[in-house]
Amino acid sequence: MPGKDLTLLQLKNKIFNKILKEIDIGIHAVNHEGKTIIYNKKMAEIEGMDFEDVLDKDLLDVFSFHNNEDSTLMQSLIKGEKIFHAKQTYFNNRGQEITTINNTFPIIENGVQIGAIEIARDVTKLEKLIRENMNKRSDTRYTFDSIIGSSAEIQEVIDASKRATRTSSSILIIGDTGTGKELIAQSIHNGSTRSSKPYISQNCAALPDSLIEGLLFGTKKGAFTGSIERPGLFEQAEGGTLLLDEINSLNPALQAKLLRLLQEKTVRRIGDTKDRSIDVRIIATINEDPVDAISEGRLRKDLYYRLSVVSLFIPPLRERKKDIPELVQVFIEKYNQLFGMMVKEVAEDVWTIFNQYDWPGNVRELEHVIEGAMNLIDYEEIITYAHLPIHFRNKPQFKRDEQIVNVTAPIRMEKESYIKPLNQYIEETESHYIQKVLIHHNHNITRAAKTLGMSRQNLQYRLRKFGLK
């Protein structure tokens, strides 16, 4: 037989080298002197390097960092510490910028540090894209395809929004904080004939009245001390769309000026006597019921009628909980990319909590909870109760109700009765997860075994062992 004469050590070396060549993550190891001893194919691709330029070379002679101590490999080598999910930006020998997410470990033998190894994932393109988007004056990356959810409630909003792209009428978007009002506004702009023109967004609550008026309408030089000739946002958005977020935060005098602008389709800069024609579509948002805002004096009734030619009501997350699983999966995938993780799902007790919670912060709050949970994960692939942000877990309705928490949740040690032998806990968890996968595949053993990464025979053995059918 081929390979029969290979020693066990030779066979292990061949398998090790095959793994290094085929694995889709970068591997880089150095000895105690900081010289590269292992450097796989994927790492060479990430860094755009040739093997001979790196192997047996001093790490700091080949790559450059803002500071030498910024190298996670050198940090682990010098300090003997493990480093998890660290983002690192550095340069290869041709000056090309590289950004990776690293997990780095010291190699210690008999108490002596003999080297360090790094596992790296490439986020260079993603990092560049984020920087480019941050530098844009008017970032309109959202389209209707960006809106997540298949519930009837959100689909109704999407359909109405798509119809609104055909005209230039004013739009009032009504929805609680965090429901995605700007996402809808950007989608309307990008789906309209104005998509090639400017899109400008301004939060009306972000600035005091004395500044917001000049920002919106513009100023004439000499109108007041230090004033300069400057067009306002209405002029800057010519031909495009201007989003006025939290319109109910403008004072009544500014609301009156805005009403006149909408009626006359002209704008007059502060201190000027000249009216300038404008062609701008106005989209306004409000985070409360317009009837309440009008009755309590925060929104002029005539302005409301002028803005609400098209009214879009975005439902809060508590009214479209059917969309939570889809949203959670999108957020997990997003932060897997950003953090270099491989999280797959959330535990059953977490789903129960998510479905019981009212989500006052809506989709934004859900995203923040997922991001916070993934900051507390090491190598796990499932978000459990213990990973949820502490402020979220401390809510009164989540005080460790035994009806909510199932066997997949971490054991709590507050009471001695919770503590089980480790073998028993592992078997219970394994049995529960196998049942879950079987149900997912309608008890098809072949498909379940493939999902679990084991042979059909191995799975059948475990079914007999745990008494499962």
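The values are calculated or read from the model by the stated rules, or taken from the named source; none is laboratory data. Since we're looking at a predicted model, the values are computed, not measured. Every residue, glycine as well, gets a Cβ built from its backbone with ideal geometry; the counts of neighbours run over all protein chains shown.
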Check your understanding: Residues in region 319-351 that are basic (Lys, Arg) and in contact with a strand residue (DSSP E or B) (Cβ under 8 Å, 6 or more places away or on another chain): how many?
Key -> 1
Check your understanding: When region 171-188 is examined, which residues are found to be surrounded by fewer than 19 Cβ atoms within 10 Å (Cβ to Cβ) and of a type in the set (S, T, N, Q)?
Key -> Thr177
Check your understanding: Among the residues of region 216-231, is there at least one that is touching a Ser or Thr at 6+ places or on another chain (Cβ under 6 Å), among the hydroxyl-bearing types (Ser, Thr, Tyr) and surrounded by fewer than 18 Cβ atoms within 10 Å (Cβ to Cβ)?
Key -> yes
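Could you tell me which of the residues Ile78, Ile107, Ile119, Ile98 is hydrophobic (A, V, I, L, M, F, W, C), in a strand (DSSP E or B) and modelled with pLDDT under 90? Explain how you work it out, then say what you get.
Details: Ile78 fails: in a strand (DSSP E or B); Ile107 fails: modelled with pLDDT under 90; Ile119 fails: modelled with pLDDT under 90.
Just a single option satisfies the conditions, and that option is Ile98.
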Exercise for review: Would you mention how many residues in region 362-400 are touching a strand residue (DSSP E or B) at 6+ places or on another chain (Cβ under 8 Å) and either within 22 Å of Asn287 (Cβ to Cβ) or in a helix (DSSP H, G or I) (or both)?
Suggested key: 3
Check your understanding: Restricting to region 148-169, what's the tally of residues that are surrounded by fewer than 19 Cβ atoms within 10 Å (Cβ to Cβ), assigned to a loop (DSSP other than H, G, I, E, B) and in contact with a helix residue (DSSP H, G or I) (Cβ under 8 Å, 6 or more places away or on another chain)?
Key -> 4
Practice item. Could you grab me the full set of residues in region 7-52 that are buried (at least 16 other Cβ atoms within 10 Å of the Cβ), assigned to a helix (DSSP H, G or I) and of a type outside the set (A, V, I, L, M)? Key: Lys42, Glu47
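Could you list, in sequence order, the residues of region 69-80 that are surrounded by 13 or more Cβ atoms within 10 Å (Cβ to Cβ) and either among the hydroxyl-bearing types (Ser, Thr, Tyr) or more than 16 Å from Ile27 (Cα to Cα) (or both)? Walk me through how you get there before you give the answer.
The first filter runs over region 69-80 and keeps only residues surrounded by 13 or more Cβ atoms within 10 Å (Cβ to Cβ), leaving 70-80.
If the condition is that a residue be surrounded by 13 or more Cβ atoms within 10 Å (Cβ to Cβ) and either among the hydroxyl-bearing types (Ser, Thr, Tyr) or more than 16 Å from Ile27 (Cα to Cα) (or both), then Asp70, Ser71, Thr72, Gln75, Ser76, Ile78, Lys79, Gly80 are the ones that fit.
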Review point. So is Ile270 in contact (Cβ under 8 Å) with a residue 60 or more places away in the chain and under 30 Å from Gly297 (Cβ atoms) or not?
Key: no
Practice item. Could you grab the pairs with beta carbons closer than 6 Å, sequence gap of 6+ or different chains, first residue in region 92-117 and closer than 13 Å to Leu77 by Cα, second one at pLDDT 85 or above and assigned to a loop (DSSP other than H, G, I, E, B)? Key: Phe105/Lys82; Pro106/Gly80; Gln113/Gly80; Ile114/His32; Gly115/His32
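Quick one: in region 413-437, which of the residues that are among the hydrophobic types (A, V, I, L, M, F, W, C) and at pLDDT 75 or above is farthest from the chain's Cα centre (by Cα)?
The first filter runs over region 413-437 and keeps only residues among the hydrophobic types (A, V, I, L, M, F, W, C), leaving 413, 419, 422, 426, 434, 437.
Of the ones still in play, those that are also at pLDDT 75 or above are 426, 434, 437.
Values: Ile426: 32, Ile434: 30, Val437: 27 Å.
In this case the residue turns out to be Ile426.
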Check your understanding: In region 157-177, is there at least one residue being under 21 Å from the mean Cα position of the chain (by Cα) and under 22 Å from Ile324 (Cβ atoms)?
Key -> yes
Practice item. Give Glu326, Glu365, Glu333, Glu319 a once-over and let me know the one that is closer than 30 Å to Ile119 by Cβ and among the acidic types (Asp, Glu). Key: Glu333
**Study point:** Set Leu215, Leu207, Leu172, Leu211: member being modelled with pLDDT under 90, closer than 22 Å to Val267 by Cβ, in the same structural domain as Leu250 (by TED's automatic domain parsing) and not in a helix (DSSP H, G or I)
**Key:** Leu207
